[in-house]
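FYI, it's all coordinate maths here, none of it is from the lab. Remember, predicted model here, so these are calculated numbers, not experimental data. Ideal geometry is used to build each Cβ from the backbone, glycine not excepted, and the neighbour counts take in all protein chains shown.
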Amino acid sequence: MKEFNKDEVSIISAGVVIEGKLSSSGNIRIDGRIKGDVIVTGNVTVGETGEVDGQVHGDVVTLGGKVNGTVNAKERLVLEAKANLKGDILTKILVVEAGAIFEGKSNMGSLKEKPAENPALPLT
């Protein structure tokens, strides 16, 4: 089996529609549409034509398109100018460019640091 190269990116091209859970141990760029969760041990980029109807999990998540669902970015979440996110955010660092649309709740930092602020979140 070929060893994974951290610089490689798998691309879901515009016009491609995937229904179901998408998992990867490498970086992914989505320019098509995913109807399901995206779980990545690496970076996730949703391009301007990309759409995800489901949760997005990754190390660094960059949104330029649309996401309807929770985004869990282990290190950083970037909402580019044309991003449209309807869902909650959990990340250490949040970057929001002018023009980005975000409807939901955000939680930055470790859950261990802020358990009293949101008692609905599980303690870790």
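Taking a Cβ cut-off of under 14 Å around A100, the surrounding Lys, Arg, Asp and Glu residues balance to a net charge of -1, with basic ones at +1 and acidic ones at -1.
In the neighborhood of D37, defined by Cβ-to-Cβ distances under 11 Å, what is the net charge if each Lys or Arg adds +1 and each Asp or Glu adds -1?
After counting each charged neighbour, the total is +1.
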